[in-house]
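Values quoted throughout were computed directly from the atomic coordinates according to the rules given, and no laboratory measurement underlies them. What you see is a predicted model, and the numbers here were worked out from it, not measured in a lab. Every residue, glycine as well, gets a Cβ built from its backbone with ideal geometry; the counts of neighbours run over all protein chains shown.
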Amino acid sequence: MNNNQNFNKMKNLKLITATLGIALLAAIIPVKLKAQTGEEIAWKVYNRASPSDGESDMTMTLINSKGKERVRYLHQFLKDYEEVEKKVMFFKAPADVKNTSFLNYSYDDDRDDDQWLYLPALKKVKRISGGSKDDYFMGSDFTYEDLEKRSPKKDVHKLLKQETLNGEQCYVIESTPKEEGQYSKRVAWVIKDKWIPLKIEFYDEDEELLKVLTIPEFKQINGYWTIITQDMRNVQRSHKTVIKLSNIELEKGLGDEKFTQRAMMKGL
């Protein structure tokens, strides 16, 4: 074998070894997952798996700057019709809010939610207009807009960073409305894989922090990640509202008759 043949043989051997090395390296190093965008994360939150229907008891605790509490007791029903999600809440106590009810229709398109409030003293169902959605719901720190299921199409979403919050790996996304509204932006800490917003900061029209929503408790029920407790703190007026669910029952096969204005007036 001449020198040229020896050289070519060694060259081919090195090429084979290098190719095998690259293949082994690719097998050892895990493939890097495609990075999530802010919009993709927002849609995963919006489309998080949910039950076809359910009901639960609810307590709404209003806490003022001096720590004084007012507790309200409610019962709620919800049903998902795919193209529209319907929810109704009935106030059971105390006496000053008893028999008040609230009905919300969330649509799976660009339409705003339809909302109605029944006030027993007036014996009348009031439609919540777009201009009234900035108002606070029944003295709480949640506005009517906060009770809507907001479509990601209404905002521009930006992934700011990733960080750990309360032991959960989170994406932090900033959502800025495409049209002027009560908030200049929202910043949300979204739990990876669960797609629950563990914390949301709400900024007013001057881009000052207005409110902070935190989720102290959530768990899986019938395979669905379910928010149990919500804590909305208004930092500008030193007021807080805590909503807690109990006696949660899912996949009940609820009838359509519960989600009407007539049912609102009839009560539980």
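Numerical summary
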{"item": "Paramagnetic label zone (point 7 Å from Cα along Cα-to-C-beta, TYR224; backbone N under 19 Å) in region 136-161", "result": "147-151"}
{"item": "Estimated dipole of region 164-230 in Debye, rounded to 20 [Cβ of Lys and Arg +1, of Asp and Glu -1, Cα centre]", "result": "500 debye"}
{"item": "Crossing angle, helix 3-28 versus the chain [Cα axis fit, 0-90 degrees, rounded to tens]", "result": "20 degrees"}
{"item": "Choice from ASP57, ASP135, ASP206 showing the highest fluctuation, given a GNM over the chain with Cα pairs closer than 10 Å", "result": "ASP206"}
{"item": "Cross-link reach list, lysines versus LYS123, counting only Cα pairs under 17 Å and skipping chain neighbours closer than eight places", "result": "LYS92, LYS98, LYS266"}
